[in-house]
Amino acid sequence: MELHNTIKNLRKKRGIKQKSMADKLCMAPSTYSKLESGSTTMPYDKLVSIAAILQVPVYTLIQEDGGLFVNSVYDKFSLMLHLAYHTLAYEQFSAVPYEQLNFEQLSQLSVKGFASQDSYENTPLGGRIYDFGPKKAFAKMIEQLGMQVLFEEKLVRDEYWLKMWHEYQQDLNANPMEPGFDMDEQEYFIVYMILLTMPDGETQMVQLAERDFPQGVDELGALDHLVKQTGADKGDILAVTEEGYAPVGEIVKCL
């Protein structure tokens, strides 16, 4: 059985709707539908998240006729790195409380425009300077889980992991005792995924950020304004995310 069919069957067996899966993965239902239909490539990080939602091991999802769906040895190593990283991220990622920031950290935050307590704490972890974050997670993978051999023997070809390895070595040369601190620079704001139904029956997926609403208007008022502006018959809010725009549809920046 192919990967997308395995996911579809497990989802139905669990009694989970496609929209619920999309909401948990912070993506538009139409985007998730493409993953499940096999019409688009399955990113490793989404595969890990889907496995967690369906409460099955990742390797259960990538079995095909008794063999691994991921056939390339380099893809298998890349998947192994993703599994280790996302497990550490889920279990250990944390942020430094604002009142415990040091002068160097506050200086870096000021440069990035995150020096105020409100802007600093406006993240899923409640802080932008990681106490345990991507750099420490990767260092743990290398130093405690023995994954340096994959890079030393040139068994990794994924550009993402090669970049992480290069940055790790740079930090190690600069400070052998401790990896440099890293910062979450993502701009977080609420985004509504909206499905517009046009007069000809065609549908159009758009994304509208709360920060772009007309002044004094809530999400329903903004939706009504958008429907009138575009000439649509109706509009439906399908999902809400808190990580900014995602490349799943047209971005509506102004009303």
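Read the figures in this text as sums done on the coordinates, not as results from a lab. Please read all numbers here as calculations on a predicted model, not as lab measurements. Using ideal geometry, Cβ is built from the backbone for each residue, glycine included, and neighbour counts are taken over all protein chains shown.
Summing charges over all other residues whose Cβ lies under 12 Å from the Cβ of residue 170, with Lys and Arg as +1 and Asp and Glu as -1, gives 0. Pairs exceeding 21 Å between alpha-carbon atoms, taken from 8/34; 24/140; 136/163; 19/46; 46/154: 24/140; 46/154. For the options 220, 54, 79, a Gaussian network treatment of the chain with springs between C-alpha atoms closer than 10 Å singles out 220 as fluctuating the most. With a 10 Å cut-off between alpha carbons and a GNM built on the chain, which of 95, 232, 174 moves the most? Of 95, 232, 174, the most mobile in the Gaussian network model is 174.
Classified by the C-alpha gyration tensor, the chain has an oblate form. Its axis ratio a/c, with a ≥ b ≥ c, is 1.5 or above, and a/b does not exceed b/c.
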